[in-house]
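Taking it in order: structure first as C-alpha cells, then the write-up.
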Amino acid sequence: MTKESTHRVIEGVWRIESARIIGALARMLRDVGLAEELAQDALVGALECWPASGIPDNPAAWLMTVAKNRALDHLRHAKLHQSKEAELTYEIETQLENAAPDLDAALDDDFGDDMLRLMFVCCHPVLSTEARAALALRLLGGLSTDEIARAFLVSEPTVAQRIVRAKRTLSEARVSFEVPAADQLVARVGSVLQVIYLIFNEGYSASAGDDWQRPKLCEEALRLGRILAARMPDEGEVHGLVALMEIQSSRTRARIGPNGEPVLLMDQDRARWDQLLIRRGFAALERAAKPGEAFGPYGLQAAIAACHARAIRPEDTDWTRIAALYDALAQVAPSPVVELNRAVVLSMAYGPAAGLELADKLASEPQLRNYHLLPSVRGDLLSKLGRDAEARDEFERAASLTNNLRERDLLLARARDCGRKLGLG
C-alpha cells in the first residue's frame, strides 16, 4: 500500500473513531481540550508509523491504546499534588491493565456514555451557539478546522479562534464531563438539539455562497442525531428531530436541478425522493409520539414533513392538516419565522389572500426586517393574486437581502417573470 493510500485509510479511521477516542480521554482527564490534543498525538503517531509498519489489524484499538498511554504519561508528569498524582495514576493504570486482555470489548464499554457526555460538553449553554456548532463538528464530527470554515463560509482563523475560546471557556467554567442530572436534563438536551438542528439547517439551505445546499453538514447532523437518539431512547423530541432530518434529507437529490439551480418543493420530482430515508423518518416519528403527550416543536415539524412525504403528487398534499400542525407549532414555539411559514401554508389551504393577510402583519417584525424570505413569500403571494408589479419589487428586494448566489438567481428570475407579465421584457 502506498503512503498516500495509507494516509487515506488513516483519515477515514480518524473520522469514524476520533469522537470515541476523545470521549474516552476526556473521561480520564476531565479536560476536553487536553483530550483532543492527546488524541491528535495518537493520530500523528499513526501517520508516522503505519506507512512503514503497515495498517494494524485493529486500527481503532491501536489509536485508543496510544492515546490512553499518552494520557497516562501526562498524568504521571503533571504538576499535581503528589498524593493526587499517585491516586490518578493508579486509577488509570488499573483501567489499562483491566482492558488489556480484551481491548476490543473495553473500547465498546463506555462508547455510548462517553459520546453522550462529549455531546453535552460540546453543546454546553455556557458557549455561544456558533462555538457549540464548531466544537461539535470538530470533536464529534471529526471535521478539520478548514472543513468547518468552508462549510459555514467563514475564515479558518475565525473557526480556530471559536474552538480555542470554547475549550478555554469550558475549562474556566469547570464544566463537568458528565451527563446532566435529571433536573437539568431537559434544558440541556434542548441545547444539544438546537446545535444539531443549526448544523442541519445550514447544510439544507446554505445561508451564503454558491451552493443551494451542503449535504455534508446534513449528514453530520443526522449522524449526531442518530447517536443521541440511540443513547436517549425515551426522549421524544430527540426522535422528533431525527425524524425531521431523515425526511428532509430524503429530498436532497430532487432539490437541485441539472445546473445546480434550486428546485422548490412543489416543483420537485418526487420519484427522486429517497424512500429509505422517508421510512426511517416515519419510524423515528412513531418513537417521538409518547402516549398522553403532545409533540414538541421538532415532533410537530417532523409531522409536517411527513405530510409532504406521504403526498405522491403535490396536489395530494393535505394542506388543511399541515395548517393545523402549524397552528400547534405556533402555540408551543411562537416566532415570526413560524408565522411566516404559516402564512405560506394558509395560502395553500385557503387561498393566497389568506396567506398575504398574515404576511403583511409580519412586515413590522424587527426579526424579519432583513430576512429575505419575507419579501420572497410576499412576492409569491402577490404574483398568485395577479399583482405582478408589487410582486416584482418584492422578489428584487428578497434577492438583495440573500447571501446565497443560487437563491439570488432564482429570485431575480421570478422578478423577471413578473416583468414579462407586465410587458416589460
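Take the Cα radius of gyration of the chain and divide it by 2.2 N^0.38 Å, with N its residue count; two decimals is plenty. The partial results should precede the final answer.
Working: Rg = 24.8 Å, N = 425, 2.2 N^0.38 = 21.9 Å.
Here the Cα radius of gyration is 1.13 times the empirical estimate.
Take each complete run of DSSP H in the chain, measure how far its Cα atoms stretch along the helix's own axis, and keep only those covering 30 Å or more with mean Kyte-Doolittle hydropathy at least -1.0; list them.
On the way: long enough: 3-29 (33 Å, 0.06); 32-53 (31 Å, 0.61); 182-204 (33 Å, 0.76).
TM-like helix candidates: 3-29, 32-53, 182-204.
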_Prolate/oblate/rounded label for the stretch 1-47 (Cα gyration tensor, a/c 1.5)_ = prolate
*Rounding to the nearest 20 debye, state how big the charge dipole of the stretch 271-398 is about its Cα centre with +1 on each Lys and Arg Cβ and -1 on each Asp and Glu Cβ.*
440
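Report the gain in length on full extension from Ala353 to Leu385: 0.36 nm times residue separation, minus Cα-Cα distance, nm rounded to one decimal.
On the way: separation 32, 0.36 × 32 = 11.52 nm, distance 0.74 nm.
Result for the pair: 10.8 nm of gain on full extension.
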*With a bin width of 10 angstrom, please list the P(r) values of the stretch 122-271 as percents of all Cα-Cα pairs, from the 0 bin to the one holding the largest distance.*
11, 37, 33, 15, 4, 0
*About its Cα centre, how strong a charge dipole does the stretch 374-425 have in debye, to the nearest 20, once Lys and Arg get +1 and Asp and Glu get -1 at the Cβ?*
100
*As computed over the stretch 359-425, the Cα convex hull volume per residue (Å³)*: 68
_What whole-number distance in Å separates the alpha-carbon centres of the stretch 1-33 and the stretch 377-420?_
47
*Quick one: putting +1 on the C-beta of Lys and Arg, -1 on the C-beta of Asp and Glu, what dipole do you get for the chain around its Cα centre, in Debye to the nearest 20?*
1140
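As an exercise, use a Förster radius of 45 Å and the Cβ-Cβ distance of Asp57 and Ser155 to find the FRET efficiency, rounded to the nearest 0.05.
On the way: r = 41 Å, r/R0 = 0.91.
It comes to 0.65.
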*Options Ala39, Ala160, Trp50, ranked by Cα towards positive dipole end of the chain, top entry (Cβ charges)*: Ala160
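Rounded if a/c is under 1.5, else prolate if a/b is larger than b/c, else oblate: which is the stretch 314-394, with a ≥ b ≥ c the root eigenvalues of its Cα gyration tensor? Show your work: numbers first, answer last.
Working: a/c = 2.39, a/b = 1.15, b/c = 2.08.
In terms of gyration-tensor shape, oblate.
Apply the a/c threshold of 1.5 to the C-alpha gyration tensor of the stretch 270-425 and tell me whether it is rounded, prolate or oblate. Mind dumping the intermediate values first?
Details: a/c = 2.10, a/b = 1.67, b/c = 1.25.
It comes out prolate by the Cα gyration axes.
For the chain, what does the helix formula give at 222 nm: sum of -39500 (n - 2.57) over DSSP H segments with n ≥ 4, over the residue count, nearest 500 deg cm²/dmol? Each step should come with its number before you reach the end.
Working: 20 runs with 305 residues, N = 425.
Mean residue ellipticity, 222 nm, calculated: -23500 deg cm²/dmol.
Values quoted throughout were computed directly from the atomic coordinates according to the rules given, and no laboratory measurement underlies them. Quick caveat, the model's predicted, so the values are computed rather than measured. Backbone-built Cβ (ideal geometry, glycine too); neighbour counts: all protein chains shown.
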